[in-house]
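Colleague: Structure provided below as structure tokens; questions to follow.
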């Protein structure tokens, strides 16, 4: 499951970037993997976050899109 993998990557990145001493080891032990497996996705997560920030999608634009899709969804259910 892709979203599950993303959750794991985010958790691993958090352990690497902001975790207290031993966080990476605990994370690896908990997931029954090697410490290198915890470090590996961190650069991907950092790159993805930087790319998302660079795209400058505003909250207002996302909210308007959400409202439009919600109205469209409601119209489809009415039909």
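Colleague: Filter the range 17-29 down to residues that are buried (at least 16 other Cβ atoms within 10 Å of the Cβ) and at pLDDT below 85 and give me whichever is nearest to residue 50 (Cα to Cα).
Modeller: Among residues in the range 17-29 that are buried (at least 16 other Cβ atoms within 10 Å of the Cβ) and at pLDDT below 85, the one nearest to residue 50 (Cα to Cα) is 19.
Colleague: Continuing with the same structure: Six or more apart or on different chains, Cβ atoms under 9 Å: show the pairs whose first residue is in the range 35-56 and within 12 Å of residue 13 (Cα to Cα) and whose second is assigned to a loop (DSSP other than H, G, I, E, B).
Modeller: Partner pairs satisfying both residue conditions: 37/31; 38/31.
Colleague: Let me ask you something else. Scan the range 5-26 for residues that are over 16 Å from residue 43 (Cβ atoms) and in a helix (DSSP H, G or I) and jot them down.
Modeller: 7, 23, 25, 26
Colleague: Right, next: Report yes if residue 32 is part of a loop (DSSP other than H, G, I, E, B) and exposed (fewer than 10 other Cβ atoms within 10 Å of the Cβ), otherwise no.
Modeller: So residue 32 fits the description; yes.
The values are calculated or read from the model by the stated rules, or taken from the named source; none is laboratory data. Everything quoted here is computed from the prediction, not taken from an experiment. Using ideal geometry, Cβ is built from the backbone for each residue, glycine included, and neighbour counts are taken over all protein chains shown.
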